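Below is one structure, written out as structure tokens; the observations come after it.
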Amino acid sequence: MGKKNYCPKMIEAKWQKKWEKDGHPKSRGKKGKYYILDMFPYPSGDGLHVGHVENFTATDIYARFMRFLGYEVIHPMGWDAFGLPAENFAIKTGIHPDKKTRESIKNFTRQIKSIGLSYDWHREINTSSPEYYRFTQWMFLFLYKNGLAYKKKAKVNWCPSCQTVLANEQVIDGKCDRSGDIVIQKDLEQWFFKITDFIENTKSKTGKKIAGLLSGLETIDWPESTKAAQRNWIGRSEGAEVVFCVVDTEEEIRVFTTRLDTIFGCTYVVIAPEHSLLGTLKSTIANYAEVKKYLEKTKKKTDLERTELNKEKSGVLLEGIEAVNPFNGEKVPVYVADYVLGTYGTAAVMGVPAHDERDFEFAKKYNLPMRKSIVPIGGKNKEKCFTEDGEVYDSGEFTRLSSAEAREKMAAWLKKEKLGRKVVNYRLRDWLISRQRYWGAPIPIIYCDICGTVPVPEKDLPVKLPTDVDFRPDGESPLARSKSFHQVKCPACGKKARRESDTMDTFVCSSWYYLRYADPKNTKQFASKKALKRYLPVDFYMGGAEHTVLHLLYARFFTKALATYGYLDFDEPFMKLRHQGMILAEDGQKMSKSKGNVINPDQIIAEFGADSLRLYEMFMGPIDEMKVWNTKSIIGLRRFLEKVWNYFNDYIEYKKKYSEAIGGGEKQLSSLQRTIEKVTRDITDLKFNTAMSQLMILLNELKGVGPKTADEKNKGGEIFFDKKEDMESMLILLSPFAPHIAEEIWEKLGNKKSIFFAEWPKCDKKKITKEMMKIVVQVNGKVRAVLTLAAETSEEEVRQLALADQNTRAHIAGKTVRKVIYVSGRILNIVAT
RNA sequence: GCCGAAGUGGUGGAAUGGCAGACACGCUGGACUCAAAAUCCAGUGAUAGCAAUAUCGUGUGGGUUCAAGUCCCACCUUCGGCACCA
């Protein structure tokens, strides 16, 4: 017969053109809004990655599905366009980052459109455009005016190769997460955002509760691993601060401990090299020369060297200094040692070698005494160093209390004596956002000799990036070298002043972009209240797991800060979050340009078609699990689409010849209903791989089985449904996965409007026929027979038939039947001994 | 060390405590073809057997249960996050 072969190239081009012209079909939104967001990509010069395709296809299927169900779906796309790669490229080639970025965006857009994704292109944003970064600067001013952005001199992470400071979150194992260079510490004056203000619950200015970064995690549907990583990163730890007075001085050492119950075992105190006491007690320390040498040695170490594990601890005794344990009045020696961090807690700890591994090591090296103050409950302390909770031992009035009780009672005692208190410490530091680089949003601040730090008035925003800049980094922001940019008049007094020349961390831009999509063309506000109320928060967010602490934590901080001042009426931005699993190259390694194992989606589309690529990536496995790419396997999905194509073409041909119904029997109708049920449930649960399987199973059942249709001889025969609507239901189920082929067949079936205006089929349970039931007969849990019986067969009959089965009888022979378990319609287990 | 996730054929992966391996790739055999590709049909966990069938089999060792990939306990391995954080 004269049917045309499936030609994705033509079909896909045709529909993409139509969607481009008319926009994607959208539902009327009877059921309200649903905001589905992808983590917006950095438009790199390398183009789209198969990981992007995985992420975007998954949300596209979900978006199309939700539209079918009648939701107004917000599904935007945009560009996280500031950042180092474009700037480094510019340094190498002289091509301006703006030009390069525009080219990359163009390429990304082309690629995204070539896979048939149904984005709301009218909402497109670009963080490097002045229209966008104007509001990034507004965000900075908002934080600044409310005391949430501040400048301070601090020890900061400096990447010598990127020539800029980095946030703590951008330092991985002591190395820069971009260049991999070892990060060094520098004392610099830099801008910080006060993220630490939002760790615990707070109240908005109108008294509304704002869930903290910690407790807010309980209210959102995120992967447990991501929540755990955020909790880890915040690093909340409950303990106590204890005052150790320094003998013969007015000074005191406050130590932080989570194990106050072990304090009677304290035999010394250690302070960090950064501790202020080393300055104030300089003259009291008898061996200051030696101490000074130690401090200089430590200062030279990078953080990486200093925190290297299993390294022998070192320290110096502060001669002439003694501290008093407030609980027993004992005088203990004081050491300075670099295993105590200057940036955590009070920069001082008490040494309890009997109950802490690190103290144990240190004490062994410097011959310090050990004193036991905790014993295991119901056992003897055999280990040299017992670090678990137990029962307090030899500790005055606290002896015999459990560790937990002792911590409470001891803290109460400290409070009463004014010698300390309960304290909570966090690992999370404020977010350092200054960058000494060009390709970012300028910080809208002006420094005036008379007025000091002056925020740029809102009416003067955006502070535009100058274009006449030499962007080679040299430790100072390239913006400082642009006189037109740098030298300005003070907005307060009009005298000569200078502009802040640093730019903001690109993560600032991406911390609020999801709000901008609600109202992307607004020139007065980052988004109108009305639009925010209508579209936010994001209902479903999807993106890579590499953003668990950086972007996702910062975005939550922004939301909470804005909510505090009444700009938002929700305190968590992303209600439901999922990560797509990483796709490894065929060799099982991470895809990378240097290894030459990167798969280019363009090539796959050219060879197999976009629908095949979409299907393949969804069929690979569970969306959130790591998967290995295998180009060979794509053919299976392409074959499936060819079968779909041929099947519907045969149907169309058949309808031309014969008007009477020939169609499928009850069995096929029943399969269709089950498929509707399964596919609907699987898309809801984001189980796209099994939804695809079910569609394949249905097609396999319709092809190659049953009575032959009139003209098909050499084939196994194909079964069509009597009703056109059943044929169409099948196609609708497939359409979110493979939109191009679905539209094309839909049109061939004689429909004038897009398939995406159709109704999602409903499972008609009445049409699911009770087929013959299959009863598995087991003897002692092992399958011995399978009985096919009418659905209404009674339990008694099933029993009798099972016991009559030959193979069953052979296995019971010589044994006594003790018990028979019957699970209705499923299984019958005979227990015989 | 702490926190989190996961270990199933040759491969990717399916399995509300109830037939382990759905679906797909690959492979083997057959049909079609001068031939090949494509397509179609059949088979495909291991071992034994012509077969019916039997035994073993979901990282390891125990346990609960009529019945465990699934639940409980202990361990091993891999991946991800944190880590001299007191």
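Descriptive notes on the structure:
- Listed by position, the helices (runs of 4 or more DSSP H) enclosed by the stretch A:506-555 that each have at least 1 residues that are farther than 28 Å from A:D430 by Cα are A:529-535.
- A:V786 vs. criteria open to solvent by less than 20 Å² (accessible area, probe 1.4 Å) and either within 16 Å of RNA strand B (Cβ to nearest atom) or on the phi > 0 side of the Ramachandran plot (or both): no
- For the stretch A:556-608, filtered to residues that are among the aromatic types (F, W, Y) and part of a helix (DSSP H, G or I), the residue that is surrounded by the fewest Cβ atoms within 10 Å (Cβ to Cβ) is A:F608.
- Options A:N630, A:N714, A:N649; residue that is modelled with pLDDT of 85 or more, near RNA strand B (Cβ under 10 Å from one of its atoms) and not β-branched (V, I, T): A:N630
- If the condition is being touching a His at 6+ places or on another chain (Cβ under 8 Å) and closer than 18 Å to A:D602 by Cα, then the stretch A:31-71 contributes only A:P41.
- Qualifying residue in the stretch A:247-265 (condition: open to solvent by less than 30 Å² (accessible area, probe 1.4 Å), within 16 Å of RNA strand B (Cβ to nearest atom), at pLDDT 90 or above and of a type in the set (G, A, S)): yes
- Selection count, the stretch A:392-450, where residues are over 30 Å from A:P326 (Cβ atoms), in contact with a strand residue (DSSP E or B) (Cβ under 7 Å, 6 or more places away or on another chain) and surrounded by fewer than 18 Cβ atoms within 10 Å (Cβ to Cβ): 1
- Filter result for the condition that a residue is open to solvent by less than 30 Å² (accessible area, probe 1.4 Å) and in contact with a Ser or Thr (Cβ under 9 Å, 6 or more places away or on another chain), over A:Q170, A:Q137, A:Q190: A:Q190
- Cross-chain or 6+ apart pairs with Cβ under 8 Å, the stretch A:621-633 first and under 18 Å from A:Q589 (Cβ atoms), then among the β-branched types (V, I, T): A:M626/A:I583; A:K627/A:I583; A:V628/A:I583; A:W629/A:V50; A:W629/A:I583; A:W629/A:I599; A:T631/A:I599; A:T631/A:I604
- Residue ranges of strands (runs of 3 or more DSSP E) in the stretch A:416-493 with at least 3 members within 30 Å of A:A406 (Cβ to Cβ) and in contact with a helix residue (DSSP H, G or I) (Cβ under 6 Å, 6 or more places away or on another chain): A:420-425
- The single condition among (1) modelled with pLDDT of 95 or more; (2) in contact with a Pro (Cβ under 6 Å, 6 or more places away or on another chain); (3) under 30 Å from A:T164 (Cα atoms); (4) not β-branched (V, I, T) that A:P491 does not meet is (1).
- Selection from the stretch A:328-378 of residues that are near RNA strand B (Cβ under 7 Å from one of its atoms), assigned to a loop (DSSP other than H, G, I, E, B) and within 10 Å of A:I271 (Cα to Cα): A:D338, A:Y339, A:V340, A:L341, A:A347
- Qualifying residue in the stretch A:280-288 (condition: open to solvent by 20 Å² or more (accessible area, probe 1.4 Å) and in contact (Cβ under 8 Å) with a residue 40 or more places away in the chain): no
- Selection count where residues are within 14 Å of RNA strand B (Cβ to nearest atom), touching a residue at least 24 places away in the same chain (Cβ under 8 Å) and surrounded by 15 or more Cβ atoms within 10 Å (Cβ to Cβ), scope the stretch A:800-826: 6
- Number of the exception - A:T302 against (1) farther than 15 Å from A:G351 by Cβ; (2) within 9 Å of RNA strand B (Cβ to nearest atom); (3) open to solvent by less than 40 Å² (accessible area, probe 1.4 Å): (2)
The values are calculated or read from the model by the stated rules, or taken from the named source; none is laboratory data. It should be emphasised that the depicted structure is a prediction, and the values quoted were computed from it without experimental measurement. Positions of Cβ are backbone-derived with ideal geometry, glycine not excepted, and every protein chain shown enters the neighbour counts. Heads up: the accessible areas ignore ligands, DNA and RNA and are worked out on the full protein's heavy atoms, side chains in. Shrake-Rupley method; radii C 1.70, N 1.55, O 1.52, S 1.80 Å.
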